[in-house]
Amino acid sequence: MHTSTTVTVIGAGQAGLAMSRCLTERSIDHVVLERGEVANSWRTERWDSLRLLTPNWMTRLPAHRYEGDDPDGYMTADEVVAFLAGYGEGIDAPVRTHTEVRSVVTTGTGFRTTTTTGTIDSAAVVVATGACSTPHVPALADELPTRIRQLTPIDYRNPDALGDGRVLVVGASASGAQIADELSRSGRQVTLAVGDHVRLPRTYRGMDIHWWMDAVGILDERYDEMEDIRRARRLPSLQLVGTPEKRSLDLNALQASGVDLVGRFAGVSGRTAQFSGSFANYCAAADLKLGRLLDLIDAHAAEFGLDAWLGEPDRPSRTTVPVTPTTLGLDSVETVIWATGFRPEYPWLEDDLLDRKGQIVHDGGVMARPGMYVLGLPFTRRRKSSFLDGVGPDAHDLSHHLALHLDEFAAAAS
């Protein structure tokens, strides 16, 4: 089947649906392609206990927001699916499900997208496949004994799916910390390999940490205001967990629950895993950055007269740095979970649109090819770009840019 439209949007998650709504508001004809169902990653690639890291009141998309009775809670994965599916239906998004993209190529009049159900010609393309489509697994995974089961966060579901042996979790950002915590609480022996991480309390002075980051303007910081946007886009995810009791999850809490900590996973020698000796340095850096953020929050509270109704500063204790071993016998390890981040893959894009690591080259979501855009990646245009609360403003900006491109395209063709 061959069809044509004005804009092809690839991905029907939060980013793709937000862009669909913005295009509809501008009366721009489009289609949204989805390899599975709407919110497919939330349906099929999340562990059972996962919740959003942002409170429900931050669950906002263009012309739609959370209206439930628990604004300070944290949505489960199933609730996110229901929210996004309802949003897609409510805005009547033109989604083609079970349509996998094979290639996007430039033509003389725009772009041709080849899919498993046919081809689509369009004047513009928006890539909205998200930031968490492909887990990054280091090459040293190939050096582990073949008997060790290896998983990524999109493979992991719950502790019952694992054996009783020790689990080595590699990576201490949001995914790794949450999975290590859950496994330890289930009675498993867990070792967590810790590298660079961003430590935050769940609440500070009685308010959710995201409330504070929103209030002081951190979440709205723009990409063109950053001295080093590449570094900002590489920052690890926040070391947080969304739970009904609003508990903090940091290395101190993990140690208290029985998790053994080691440094960054550096290599394998025979039947021994090797870890770097830089654990204390990573902890000191995370504590220093946390202190600076809390200083900023306290200064904001004082400047705007909030001290009278806020709780007293309740700063977390500095990270307790144990004497960590630099080796671990792999005979005791049954499972390794690689919580080492994500690097989306785009085998269907032309090579000159990607950098040497296979990532899309863009300037605030505007790709190197006129008429091509990307949405939903970390810090696309704002620090909150990959949050449910952030794709809407980005989609608004990029749809405006796209509309101007279409005007120029039409003028050139006339």
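Assorted remarks:
- Any hit, segment 266-279, residues being surrounded by fewer than 16 Cβ atoms within 10 Å (Cβ to Cβ), of a type in the set (A, V, I, L, M) and either at pLDDT below 95 or out of contact with any Phe, Trp or Tyr (no Cβ under 7 Å at 6 or more places or on another chain) (or both): no
- Number of positions in segment 384-414 that are in a helix (DSSP H, G or I), under 20 Å from the mean Cα position of the chain (by Cα) and modelled with pLDDT under 95: 0
- Residues being within 19 Å of Leu404 (Cβ to Cβ), assigned to a loop (DSSP other than H, G, I, E, B) and aliphatic (A, V, I, L, M) - total across segment 1-38: 1
- Tabulated pairs, segment 91-110, first farther than 22 Å from Thr24 by Cα, second surrounded by 15 or more Cβ atoms within 10 Å (Cβ to Cβ) and among the basic types (Lys, Arg), C-beta under 7 angstrom, 6+ apart or interchain: Glu100/Arg35; Val105/Arg112; Thr106/Arg369
- Entry remark, segment 139-170: residues being closer than 15 Å to Glu334 by Cβ, charged (D, E, K, R) and assigned to a helix (DSSP H, G or I) number 1 in total.
- Boolean, Glu45 is modelled with pLDDT under 95, among the charged types (D, E, K, R) and more than 21 Å from Ala12 (Cα to Cα): no
- Consider segment 21-38 and keep the residues that are of a type outside the set (D, E, K, R) and more than 19 Å from Thr115 (Cα to Cα). The one that is surrounded by the most Cβ atoms within 10 Å (Cβ to Cβ) is Cys22.
- Of all residues in segment 392-405, those being of a type in the set (A, V, I, L, M, F, W, C), in contact with a strand residue (DSSP E or B) (Cβ under 7 Å, 6 or more places away or on another chain) and over 16 Å from Ala368 (Cα atoms) number 0.
- Search result, residues across segment 2-35 that are small (Gly, Ala, Ser) and under 17 Å from Thr109 (Cα atoms): Ser4
- Checking segment 294-315 against the condition returns a match, with at least one residue being buried (at least 18 other Cβ atoms within 10 Å of the Cβ), more than 22 Å from Leu235 (Cβ to Cβ) and not acidic (Asp, Glu).
- Looking only at segment 296-315, and only at residues there that are of a type in the set (Asp, Glu), under 16 Å from Thr203 (Cβ atoms) and modelled with pLDDT under 95, the one that is farthest from the chain's Cα centre (by Cα): Glu312
The values are calculated or read from the model by the stated rules, or taken from the named source; none is laboratory data. From a predicted model like this one, the values you see are computed outputs, not experimental measurements. FYI the Cβ positions are ideal-geometry reconstructions off the backbone, even for glycines, and counts take in every protein chain you see.
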